[in-house]
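Working notes, structure below.
The values are calculated or read from the model by the stated rules, or taken from the named source; none is laboratory data. Remember, predicted model here, so these are calculated numbers, not experimental data. All Cβ positions, even for glycine, are placed from backbone atoms using ideal geometry, and neighbour counts span all protein chains on display. Surface accessibility is based on the protein's heavy atoms, side chains included, excluding ligands, DNA and RNA. Shrake-Rupley method; radii C 1.70, N 1.55, O 1.52, S 1.80 Å.
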Amino acid sequence: MFEKIERVPGDAILGLIEAFKKDTNPQKVDLGVGVYRDAKGNTPVMRAVKEAEALLLNNETTKTYIGSHGAAQYGAVVLPMVLGQDSPVLEAGRASVTQSPGGTGALRLAADFVATQLPGKGIWVSDPTWPNHHGIFTAAGIELHKYPYVDADNRLDFDGMLEALKQIPQGDVVVLHACCHNPTGFDLNHQQWQQVLEVIQQRDLLPLVDFAYQGFAEGLDEDAYAVRLLAENLDNVLITSSCSKNFGIYNERTGALIVVAKNSEEMENVRSQIAIVARENYSNPPAHGGSIVAEILNSAELAAVWREELTEMRDRINTLRRDFVEALKPYGLDQKYAHIAEQRGMFSYTGLTPEQVDRLRDEYGIYMVRSGRANVAGFSQENLPYLAKAVAAVND
Ligand code: LMR
């Protein structure tokens, strides 16, 4: 039965975790998968999360199912975090939230919803985008298309993007990264988002906003600018949110699909369909991550600790970006890589070629995705001189 089944290469991003583990180079540096790292290269459990877990251990009374939409107390804290405390969308009762196994699970819910309830609609992703977008939307049976995002000189190609969006067939789905664009780190400014909104209105497109890194660019509310702009000005928006990164609970798989509809009546109709999609995928989402998030955000004290920790992570990444460009100065490469200090979030599309990435891995034990995407959180004050030296060597 299985003799014709071919072996395929594993996922390029997740594969780096194993390859890095096996490398015996004592100076090796992991700039691969998008997880936060502290100055020592660890991904520790956040203090607020530890405290919330201690409370849960004592107070949790049941492990029974939480329903296809997940725990109400989780949804109740995620909605204002994403849409804003005083959101007119929430006031109008036109937003639905469904807890999901990570942001990836939310994307799959959105994809299945589009495939089953909006048949025939194509989906448009930025070129480049998170590679798993391709897998998820194609697996759901949706036809995938690309719009330009980065030009040949590794700069944000906003004009190209906007022109392409204007050509998208009426009613199709357009995937947008709210902030911390993965893999490039190039984000749109407010004026550019406004222009995107206008094209979406003209073409009657359905935005699917991937919001996996809230809090990693400028701040929790600042990073939600695009999400809130679209939600408040459009009848229909799909938002996939993740708590994996900003709460550091990667393996608890904690995300949410938020659906914004024209009114509460339509919202309830869509919501009923999302419950079916969730049921058919995994029935009920895992509960623990959502319980942690609710425990933290429902406690003023824990929420303050969490915000402080998140600010620390964001500031550390942004400082390392600037320091890396500084470290390249002695090699005369600071101009060439100046964009690294301007990009936001965990990732930088460095502009390093696949060949240069291979050399960094083979000669220096520095691991990153072959597209040249580096996880900036893997930089540290300690490894910056080594990284700069290695990047200079492969530029020779
Ligand atoms: C990444 O892009 O590295 C993260 O989103 C992790 C993943 O699942 O790929």
Q | Glu312 - accessible surface, heavy atoms, 1.4 Å probe, Å² rounded to 10 | A | 100 Å²
Q | Within a Gaussian network of the chain (alpha carbon springs, distance under 10 Å), most fluctuating of Ser96, Ser244, Ser272 | A | Ser272
Q. When the Cα centres of segment 87-164 and segment 201-223 are compared, how far apart do they sit, in Å?
A. 11 Å
**Q.** Rounded Å value of the spacing that divides the Cα centres of segment 170-184 and segment 380-396
**A.** 32 Å
Q | Listed residue pairs exceeding 22 Å between alpha carbons, taken from Lys63/Lys245; Lys40/Lys245; Lys245/Lys389; Lys121/Lys262; Lys21/Lys50 | A | Lys63/Lys245; Lys245/Lys389; Lys21/Lys50
Q) What does the highest-first list of 66-76, 148-158 look like by mean Cβ count within 10 Å? A) 66-76, 148-158
(Q) Please enumerate, by chain and number, the aspartates and glutamates with C-alpha under 16 Å from the C-alpha of Lys146, excluding those fewer than 8 residues away in the same chain. (A) Asp127, Asp157, Asp159, Glu163, Asp172, Asp210
**Q.** Three-way shape call for the chain based on the alpha-carbon gyration tensor, with the a/c threshold at 1.5
**A.** prolate
Q: For the chain, calculate the relative contact order in percent as a whole number, restricting contacts to Cα pairs under 8 Å that are 6 or more residues apart.
A: 26 percent
Q: Would you mind getting the accessible area per residue of segment 65-298, heavy atoms of the protein chains only, 1.4 Å probe, in Å²?
A: 37 Å²
